[in-house]
């Protein structure tokens, strides 16, 4: 039934609509991913000010009518992430994080853990762009998204036969690391890349492990194959900053 929804959300992206309106793609704490119309937001004077922009975290009231498109009736800033916006790498990393959330979690089903993970990522980028606007951070974030989606790669044993030794490759189709006997559809996986994935899933996002470029390229390929084979989506490449 039509009515108002009170929630908190992060603006993933915005699209201009008509002469003065804007469609917001939001990831919300209580409703997952939703789209909402912000009427008149592009006028010089608007009650929303400049807060309906990507990466803003907002307390919102949304009106839900018969359309799938909600309407923004109230929005108050929780965190503008102002420092993030002054750093090009941090902006790029934030954009890729929001894009990954949008691609892996397309429905209005709530995933509070995903919402809090995204808020944590944006807060880290805002607090210290130089430390967190890195390829390693992005890949650790994506691994945690796969975990939240129920798509975490199998890392403790061969995804093909269960063997726990000689895990030399990674197969997106199989869903994880594979041994020498099962590596027909796999690509080689270095010990450091395997260790990065294991540690990234076990550590807080703020303590993402490091790895060399070769290992990170392998991790990115592994994450991308899992998303494509099992999440049926293609993720953008991570920002190449080391």
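The values are calculated or read from the model by the stated rules, or taken from the named source; none is laboratory data. Keep in mind it's a predicted model, so treat the numbers as computed, not measured. Counting neighbours? That spans all protein chains shown, and the Cβs are built from the backbone with ideal geometry, glycine included.
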Inset, instruction - Working only within region 221-238, note down all residues that are more than 14 Å from residue 142 (Cβ to Cβ) and surrounded by 14 or more Cβ atoms within 10 Å (Cβ to Cβ). - result: 229
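Is there a residue in region 111-121 that is in the same structural domain as residue 220 (by TED's automatic domain parsing), touching a strand residue (DSSP E or B) at 6+ places or on another chain (Cβ under 9 Å), under 25 Å from residue 55 (Cβ atoms) and assigned to a loop (DSSP other than H, G, I, E, B)?
yes
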Inset, instruction - Among the residues of region 47-76, write down those that are under 21 Å from the mean Cα position of the chain (by Cα), touching a residue at least 60 places away in the same chain (Cβ under 8 Å) and part of a loop (DSSP other than H, G, I, E, B). - result: 55
Inset, instruction - Identify the residue in region 60-108 that is in contact with a helix residue (DSSP H, G or I) (Cβ under 9 Å, 6 or more places away or on another chain) and within 16 Å of residue 34 (Cα to Cα) and, among all such residues, is surrounded by the most Cβ atoms within 10 Å (Cβ to Cβ). - result: 101
Legend entry - Residue count, region 199-220 (criterion: under 19 Å from residue 158 (Cβ atoms) and buried (at least 16 other Cβ atoms within 10 Å of the Cβ)): 2
Inset, instruction - Would you check if there is a residue in region 129-151 being buried (at least 22 other Cβ atoms within 10 Å of the Cβ), touching a strand residue (DSSP E or B) at 6+ places or on another chain (Cβ under 8 Å) and outside the structural domain of residue 10 (by TED's automatic domain parsing)? - result: no
Inset, instruction - Find the residue count for region 180-225, including only residues that are part of a helix (DSSP H, G or I), farther than 15 Å from residue 135 by Cα and within 17 Å of the chain's Cα centre (by Cα). - result: 2
